[in-house]
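First comes the structure, then the notes that go with it.
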Amino acid sequence: MSGSSASLQPPADAVKPVRHPDAPAPGDLLGAHYEHCFGCGPGQPHGLHLEARAGEGVALTAEFTVQPAHQGAPGLAHGGVLATALDETLGSLNWLLRTVAVTGRLETDYVRPVPVGTTLHLAAEVTAVAGRKIYSRAVGRLDGPDGPVAVRADALFVEVKVDHFIDHGRPEEIRAAMSDPDQVRRARAFEVNP
Ligand SMILES: CCCCCCCCCCCCCC(=O)SCCNC(=O)CCNC(=O)[C@H](O)C(C)(C)COP(=O)(O)OP(=O)(O)OC[C@H]1O[C@@H](n2cnc3c(N)ncnc32)[C@H](O)[C@@H]1OP(=O)(O)O
């Protein structure tokens, strides 16, 4: 059984998402948005190291290989880790909109168990935008991009300013991020939409 809740249904005034003209080309790797991100950061030893690639329109694909550190039951991926993979994949869509946004709501269906060692093949797309609200969905498959569905999610991301992170993040990490000019430039550039 599946189906998202009413708060994940786009309102009547929602519009189709528009790919930003400066979005990475289809097939390009998106790279990590933050070195220490648990989802995509190369600096997290037990992180997911998820790699996302731009697709056509406002869609992308991603891959994540389940490591022993990601177990819940013996030999199986933890459900929270799978939700993280879906969240990270959905969050990466904001690169294609060139919008800074955070997860407001994430609804997940777990359809099949995912063994350690499996590479989960994820695909995600933005379905609608209404003001600051970005509606999206993702699916994760086993054994390849056309394999059986293991997990699915519907989500609502809410656009925020970079100040959201500066105001709420722990000062040590914010100071370190702010001292990296590339990080600040990348984040601020996303605030300016045409
Ligand atoms: C130098 C610094 C570096 C920076 C690095 C940058 C890289 C960044 C990349 C990192 C990415 C990492 C990603 C991560 O890790 S995201 C990490 C997990 N997410 C969060 O931490 C978000 C926490 N939540 C919040 O901060 C606020 O609640 C937000 C910002 C989401 C909204 O609070 P805000 O006060 O702003 O807005 P609002 O309350 O008026 O809501 C606005 C609209 O949205 C609707 N709504 C809201 N929530 C829900 C919900 N649950 N279901 C349904 N609807 C919901 C709401 O009804 C309203 O609709 P409408 O009334 O307009 O119709």
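The values are calculated or read from the model by the stated rules, or taken from the named source; none is laboratory data. Because the structure is a prediction, the values reported are computed rather than measured. All Cβ positions, glycine included, derive from the backbone under ideal geometry; neighbour counts span all protein chains shown. Remember, those area values only see protein heavy atoms, side chains included, never the ligands or the DNA or RNA. Shrake-Rupley method; radii C 1.70, N 1.55, O 1.52, S 1.80 Å.
Looking for something of a type in the set (S, T, N, Q), assigned to a loop (DSSP other than H, G, I, E, B) and open to solvent by less than 50 Å² (accessible area, probe 1.4 Å) - is there at least one such residue anywhere in region 3-17? Yes, there is a match, as at least one residue in region 3-17 is of a type in the set (S, T, N, Q), assigned to a loop (DSSP other than H, G, I, E, B) and open to solvent by less than 50 Å² (accessible area, probe 1.4 Å).
Summed over region 92-111, the residues that are open to solvent by 20 Å² or more (accessible area, probe 1.4 Å), near the ligand (Cβ under 9 Å from one of its atoms) and not in a strand (DSSP E or B) give a count of 1. Has region 20-34 got any residue that is within 16 Å of the ligand (Cβ to nearest atom) and open to solvent by 60 Å² or more (accessible area, probe 1.4 Å)? So far as region 20-34 goes, yes, one or more of its residues are within 16 Å of the ligand (Cβ to nearest atom) and open to solvent by 60 Å² or more (accessible area, probe 1.4 Å).
In region 140-165, of all residues being over 18 Å from Ala59 (Cα atoms) and surrounded by 15 or more Cβ atoms within 10 Å (Cβ to Cβ), the one that is farthest from the ligand (Cβ to nearest atom) corresponds to Gly147. Annotation: of all residues in region 120-136 being surrounded by fewer than 16 Cβ atoms within 10 Å (Cβ to Cβ) and without any contact (Cβ under 8 Å) to a residue 60 or more places away in the chain, the one that is nearest to Arg188 (Cα to Cα) is Arg132. For region 44-91, the set of residues classified as aliphatic (A, V, I, L, M), touching a helix residue (DSSP H, G or I) at 6+ places or on another chain (Cβ under 7 Å) and within 16 Å of the ligand (Cβ to nearest atom) consists of Leu48, Leu50, Ala52, Leu60, Ala62, Val81, listed by residue number. Looking across region 149-194, the residues that are among the charged types (D, E, K, R), closer than 20 Å to Asn94 by Cα and in a helix (DSSP H, G or I) come down to Asp163, Asp182, Arg185, Arg186, Arg188.
Scanning region 69-104 for residues that are among the hydroxyl-bearing types (Ser, Thr, Tyr) and without any contact (Cβ under 8 Å) to a residue 60 or more places away in the chain yields Thr84, Thr89, Thr103. Please count how many residues of region 62-91 are open to solvent by 30 Å² or more (accessible area, probe 1.4 Å) and either more than 12 Å from Val114 (Cα to Cα) or part of a helix (DSSP H, G or I) (or both). The total comes to 6. If you go through region 112-163, how many residues are more than 14 Å from the chain's Cα centre (by Cα), farther than 30 Å from Ala177 by Cβ and of a type in the set (Lys, Arg)? Residues in region 112-163 being more than 14 Å from the chain's Cα centre (by Cα), farther than 30 Å from Ala177 by Cβ and of a type in the set (Lys, Arg): 2 in total.
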